[in-house]
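**Q** This is the structure I have questions about; it appears just below.
The values are calculated or read from the model by the stated rules, or taken from the named source; none is laboratory data. A quick note: this is a predicted structure, and the numbers were derived from the prediction, not measured. Glycine also receives a Cβ, built like all others from the backbone with ideal geometry; neighbour counts cover every protein chain displayed. Areas reflect the complete protein model, heavy atoms only, side chains present, ligands, DNA and RNA absent. Shrake-Rupley method; radii C 1.70, N 1.55, O 1.52, S 1.80 Å.
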Amino acid sequence: MTAKPLVPLVEYDAAPPAVREVYDDIMRTRGTDWINNFWKVLAHDPALLKRTWEDIKAVMAPGALDPLVKEMIYVAVSATNGCEYCTYSHTASARAKGMTDAQLMELMAVVGMANETNRLANGLRPPVDQQFEPR
């Protein structure tokens, strides 16, 4: 993001113990030695930082969906919502999990098409087909 953050980044060395505890868990879970800026701005509210980290850790953990698929969904939603930071962050994560440039381009084509057809359907309000309703 090109704008300056609304609050200063809370660096590890200046973080209170509750924030350091979350930072340590982030680094341990992700196998990294640094904390990205998203967490550093959330650190101004240690409860929000901890809650958000616990939720994202649970949602992005191994499950029925492949980790790469989860990252690609995150990229798609972030692009649709216009979140530059999240789009960059999760594209990097998806690439680290094996996403190719061809997959990224195809993903963006699907995102663009879904946004277009969603807007058409929202504007025109066709009734939902009986065959699409849950049984």
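**Q** Inspect all residues belonging to the range 89-100 and state whether any of them is open to solvent by less than 60 Å² (accessible area, probe 1.4 Å), modelled with pLDDT of 95 or more, assigned to a helix (DSSP H, G or I) and among the charged types (D, E, K, R).
**A** No, every residue in the range 89-100 fails to be open to solvent by less than 60 Å² (accessible area, probe 1.4 Å), modelled with pLDDT of 95 or more, assigned to a helix (DSSP H, G or I) and among the charged types (D, E, K, R).
**Q** Going by the structure shown, is Val110 surrounded by 13 or more Cβ atoms within 10 Å (Cβ to Cβ) and of a type in the set (Val, Ile, Thr)?
**A** So Val110 fails the test.
**Q** Another question, if that's okay. Scan the range 40-51 for residues that are touching a residue at least 12 places away in the same chain (Cβ under 8 Å), open to solvent by less than 80 Å² (accessible area, probe 1.4 Å) and touching a helix residue (DSSP H, G or I) at 6+ places or on another chain (Cβ under 6 Å) and jot them down.
**A** Ala43, Pro46, Leu49
**Q** Can you confirm whether Ile35 is part of a loop (DSSP other than H, G, I, E, B), within 27 Å of Ala3 (Cα to Cα) and either among the β-branched types (Val, Ile, Thr) or in contact with an Asp or Glu (Cβ under 9 Å, 6 or more places away or on another chain) (or both)?
**A** Yes; evaluated as a whole, the condition is true for this residue.
**Q** Is at least one residue of the range 73-87 at pLDDT 95 or above, over 14 Å from the mean Cα position of the chain (by Cα) and open to solvent by 40 Å² or more (accessible area, probe 1.4 Å)?
**A** No, there is no match, as no residue in the range 73-87 is at pLDDT 95 or above, over 14 Å from the mean Cα position of the chain (by Cα) and open to solvent by 40 Å² or more (accessible area, probe 1.4 Å).
**Q** From Pro127, Pro62, which residue is part of a loop (DSSP other than H, G, I, E, B), over 26 Å from Asp25 (Cα atoms), of a type outside the set (S, T, N, Q) and open to solvent by 60 Å² or more (accessible area, probe 1.4 Å)?
**A** Exactly one residue qualifies, and that residue is Pro127.
**Q** When the residues of the range 22-39 are narrowed to those that are within 17 Å of Ala58 (Cα to Cα) and either touching a His at 6+ places or on another chain (Cβ under 9 Å) or not β-branched (Val, Ile, Thr) (or both), which ends up surrounded by the fewest Cβ atoms within 10 Å (Cβ to Cβ)?
**A** Gly31
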